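Report on the following structure.
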Amino acid sequence: MNPFNSNHPIRAWFINRALDHPYFNIILTIGLTLTVGSGISFLTIDDDMMAMLPKDLDSRISWDAVQDEFGSTEVVFIAFGKKGRSIINSESFAALWDVTAALQERSVIDEVTCITTMSRIDSDDGFMLISDLQPSRELNMLEIERIDHYLNQNPSIRKRVLSRDKEYFNIMVQPLADIPHDVMRNTVVAVGDSVLSDFEVHYGGTAYITGSVPALIRNDISVLLRVGLVIMAMVLMINLRNPFAVGLVFAVIVQSLIVMVGFMGWMVFLTGSESFHFAIINTSMPIILLTIANSDGVHFITKFFKEIRIRKDTVKALEVTMDSLLVPIFLTSITTIAAFLSLSLAPIEQMMGYGVCISAGIGYAFFLSSTFLPAAIRIKKWNMNSKAISKASMFENMISYFGRLVTSNPRSILAAGTIIAVVGIYGLLWLNVDVNIAGFFKPGTEFRNSIDFIDQEMTGTMDIRVRVEGPIKSPKLLKEMTGLQQMLEDNSKVTTSFSIADMVKQMHRVVMDNDPEFEMIPDERDKINNLFTMYSMSGDPDDFSTMVDYDYSVGLVTSLSRVMTTDEIVSTVDKIENYTQGLKSVEKASVTGMMVVLRDLVYLIVESSIISIVASVLVIGLIASVFFKRILWGVMAIIPLSVAIIINFGFMGLAGISLSHVTALLASIIIGVGVDFAIHYISQYRRLAGRVEKNNLTRDVIDDVGYPIMLDSASNMAFGALLFSAFLPVQYIGGLMVFAMISTSIGTLTFLAAIAELLKDHLLEIDT
């Protein structure tokens, strides 16, 4: 076979390699895929959202300090009972005893807080008598009434263990430190479901939600991605009309995914860095790589079919296809890789691993498109009379419309695109950041109903904790803690709060003949010291371990609340911080809790996304300018990309879709797809410039690249299957992805094409 001659020796080498040694190329790529893919065995999944926070972040520092001093503060709530029936009965107390015993037997659980494990403080001739609140499994009516009476006397305790209507018991389950949330969640649910089968059971709490959400999202996406892939295959099959061609596109996709995940595992093995753990932010990686790898395959196959239709020869068609596409596919890969590597500038360490690993997948997709794909095409005997080759497809017949539209109305198209972009900018003003994790789930689903029940009927799902440093036994400080609790409970979302100050007030009331008027902080420190001394004589001082440290220098104020929006969290935290600054006896106060952590995490992800968008646009523009040797071409490469980002996020603002740690990653999808379309358009424009009549240039470019762009977009819209997810953020990703495909593809074939048409004379001048 005569070697193919090209203006570029590297391009010629790839072409001749694919044509002369196809079987070697196929074996090489499959072997490399399996080798790198074997790293999957080292893949580490980490659902701990805390690990994504920088260690020098204030809320992270406070969080770590609280965990070290008081143990894990993340809890799973179990609420059980029977609607319309009082829980204050012997059967329910027996069940409470059984589930408590079963939970305490589990090695991952540190502490269980409920009626069964609580102590009661009674008066005994001016002294304290400490005993079990529930003394045994089997209770007579007198013992039940005694418990009920005690809870009525101590409303702060009752709020934590009973629903308002006394129809449900509440159990707070605290894990050991460093126990993964999913392990904790699964353990508690397994116990609750087995022991409490005769009752209505609800679960909640931050550990339950954060332990459930990542796995549920991954499973949901996994199922729906399969549906999306089936739809993608159908779209490709309808247009390509050749099973082998569709199989080749999927071969590129699957091998790229295997290498990306395997590479992630190898990086964990070789570096030990947590940056390469598969975390919740990595959920979008398969979708992004799918769109990019699909694009490479679609562009190659459609170009080959067009050329073989003209030339009636597989080898010649492959030569022309590779000669025209290797450079633009390489350029789209390089610009996209550079965009994702810019994530290393983000404040979240895991974003660096995210960028590196997805870049590896993108690079491998290009490698497959340059070696495996042409080699597989080369060994296939193509039927020249098949519909796939002899007749234009549905999308091909539609493309000429865009060419006529742009050439006849470029100014109108530009004006319309500008108006849409302005509307998008207006929509950005309405875009808000929100991390309402209960809002992850559609109303009416079992999971959402359970969370809503805990929120509405019990203590609430979320927590805010204030770590207080100072002389905890000081009357002034304890009174200030009481004032802080009152300030917290003035918030309508806060259901209850508790601290060591509550225990001091209760003990003081008890030793004063249980007179409610004496439920207060004593004015003398000696009296407070005596209260703790008396308690230790018949009780266990470790009963206070979740409220104060061993030397009484650090106290913890815990407030439980219903789910808050991000704005409500920000407002609440600001009020707490402002309030604590005025406390004279408190040496230092810091605010933490899962709500604060989630707020900071979302803000960091949004910040990372903004950094990524800005850096990506600049890097893509720079690379395109250098490669195409003109700044103007670089600017034109980022125009449709920038407009698509504005339109999509503006639409989110107008539609009331909040920016979260899931939806913020939509920018990565837009960048990955948008730059591909723009680069292919510009490359073909420059390639045809001077070869075709000037007046026909725009139409010929659209005729050549319009079909693969439309087919690529249509097939990727198959991931609109994510709209059927049970998780609202995933639904949003599905719907917004469809919107992104439409905006980037049509925007390239209209807005970018119109700009090129209007600047045609100047563009042709600078390229000659």
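The values are calculated or read from the model by the stated rules, or taken from the named source; none is laboratory data. In this text, all values refer to a predicted model and were calculated from it rather than measured experimentally. Positions of Cβ are backbone-derived with ideal geometry, glycine not excepted, and every protein chain shown enters the neighbour counts.
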From the option list Glu91, Glu69, single residue qualifying as out of contact with any strand residue (DSSP E or B) (no Cβ under 9 Å at 6 or more places or on another chain), surrounded by fewer than 20 Cβ atoms within 10 Å (Cβ to Cβ) and part of a helix (DSSP H, G or I) is Glu91
Can you find a residue in the stretch 694-703 that is in contact with a Gly (Cβ under 7 Å, 6 or more places away or on another chain) and either at pLDDT below 85 or of a type in the set (Asp, Glu) (or both)? yes
In the set Ser625, Ser642, Ser616, the lone residue that is more than 24 Å from Ala416 (Cα to Cα) and in contact (Cβ under 8 Å) with a residue 24 or more places away in the chain is Ser616
Residue hits (the stretch 654-665; modelled with pLDDT under 90 and either out of contact with any strand residue (DSSP E or B) (no Cβ under 9 Å at 6 or more places or on another chain) or β-branched (Val, Ile, Thr) (or both)) are Ala655, Gly656, Ile657, His661, Val662, Thr663, Leu665
Looking across the stretch 272-287 at residues that are surrounded by fewer than 24 Cβ atoms within 10 Å (Cβ to Cβ) and of a type in the set (A, V, I, L, M, F, W, C), the single one that is nearest to Asn385 (Cα to Cα) is Ile287
The condition of being at pLDDT below 90 and over 15 Å from Ala392 (Cα atoms) holds, among Leu325, Leu318, only for Leu325
Scanning the stretch 730-765 residue by residue, the ones that are over 30 Å from Asn282 (Cα atoms) and either outside any helix (DSSP H, G or I) or among the aliphatic types (A, V, I, L, M) (or both) total 10
Open item on the list: Tell me whether the stretch 659-675 contains one or more residues that are of a type in the set (Ser, Thr, Tyr), out of contact with any Leu (no Cβ under 9 Å at 6 or more places or on another chain) and surrounded by fewer than 20 Cβ atoms within 10 Å (Cβ to Cβ).
Closed with: no
Of the listed residues (Thr418, Thr407), the one being touching a Lys or Arg at 6+ places or on another chain (Cβ under 9 Å) and either outside any helix (DSSP H, G or I) or at negative phi (or both) is Thr407
Within the stretch 502-537, residues being closer than 21 Å to Glu111 by Cβ and surrounded by fewer than 16 Cβ atoms within 10 Å (Cβ to Cβ) number 1
What do you reckon, is Ser369 under 30 Å from Met234 (Cα atoms), at pLDDT below 90 and in contact with a helix residue (DSSP H, G or I) (Cβ under 6 Å, 6 or more places away or on another chain)? no
Note on Ile742: of the conditions (1) surrounded by fewer than 24 Cβ atoms within 10 Å (Cβ to Cβ); (2) within 29 Å of Lys629 (Cβ to Cβ), unmet is (2)
The number of residues in the stretch 86-120 that are of a type in the set (A, V, I, L, M) and over 25 Å from Pro175 (Cβ atoms) is 3
Any residue that is β-branched (Val, Ile, Thr) and either more than 23 Å from the chain's Cα centre (by Cα) or at pLDDT 90 or above (or both) - is there at least one of those in the stretch 271-292? yes
(1) closer than 19 Å to Ser474 by Cβ; (2) part of a helix (DSSP H, G or I); (3) at pLDDT 90 or above; (4) not small (Gly, Ala, Ser) all hold for Tyr535 apart from (3)
In the set Ser212, Ser136, Ser156, the lone residue that is of a type in the set (S, T, N, Q) and crowded, with 20+ Cβ neighbours inside 10 Å is Ser212
In this structure, is Ser713 more than 20 Å from the chain's Cα centre (by Cα), in the same structural domain as Ile413 (by TED's automatic domain parsing), over 25 Å from Leu229 (Cβ atoms) and in a helix (DSSP H, G or I)? no
Quick check on the stretch 457-467. Is at least one of its residues out of contact with any Ser or Thr (no Cβ under 8 Å at 6 or more places or on another chain) and either of a type outside the set (A, V, I, L, M) or without any contact (Cβ under 8 Å) to a residue 24 or more places away in the chain (or both)? no
Screening Phe300, Phe269, Phe250, Phe244 for residues that are part of a helix (DSSP H, G or I), of a type in the set (Phe, Trp, Tyr) and crowded, with 24+ Cβ neighbours inside 10 Å leaves only Phe300
Arg509 meets each of (1) part of a helix (DSSP H, G or I); (2) touching a helix residue (DSSP H, G or I) at 6+ places or on another chain (Cβ under 6 Å); (3) within 30 Å of Ile451 (Cα to Cα) with one exception, condition (3)
Among Ser450, Ser412, the single one that is in a helix (DSSP H, G or I), surrounded by fewer than 19 Cβ atoms within 10 Å (Cβ to Cβ) and not assigned by TED's automatic domain parsing to the domain that holds Ile87 is Ser412
Going through the stretch 564-594 in order, the residues found to be within 18 Å of Ser59 (Cβ to Cβ) and either of a type in the set (Val, Ile, Thr) or in a loop (DSSP other than H, G, I, E, B) (or both) are Met564, Thr565, Thr566, Ile569, Val570, Thr572, Val573, Ile576, Thr580, Val591, Thr592, Gly593
Of Asn219, Asn239, the only residue that is in a helix (DSSP H, G or I) and surrounded by fewer than 19 Cβ atoms within 10 Å (Cβ to Cβ) is Asn219
Check whether at least one residue in the stretch 200-210 is over 30 Å from Met717 (Cα atoms), part of a strand (DSSP E or B) and touching a Leu at 6+ places or on another chain (Cβ under 6 Å), and report yes or no. no
Taking the stretch 101-156 and the residues there that are in a loop (DSSP other than H, G, I, E, B) and of a type in the set (D, E, K, R), the one that is modelled with the lowest pLDDT would be Asp125
Of those in the stretch 439-468 that are more than 20 Å from Leu598 (Cα to Cα) and hydrophobic (A, V, I, L, M, F, W, C), the residue modelled with the highest pLDDT is Val468
Among residues of the stretch 704-746 being of a type in the set (Gly, Ala, Ser) and modelled with pLDDT of 85 or more, the residue nearest to Ser658 (Cα to Cα) is Ser743
**Asked** On the given criteria, is Pro347 touching a residue at least 60 places away in the same chain (Cβ under 8 Å), closer than 30 Å to Ile40 by Cα and in a loop (DSSP other than H, G, I, E, B)?
**Response** yes
Filtering the stretch 89-103 down to residues that are touching an Asp or Glu at 6+ places or on another chain (Cβ under 9 Å) and touching a residue at least 12 places away in the same chain (Cβ under 8 Å) yields Ser90, Phe93, Ala94, Ala95, Trp97
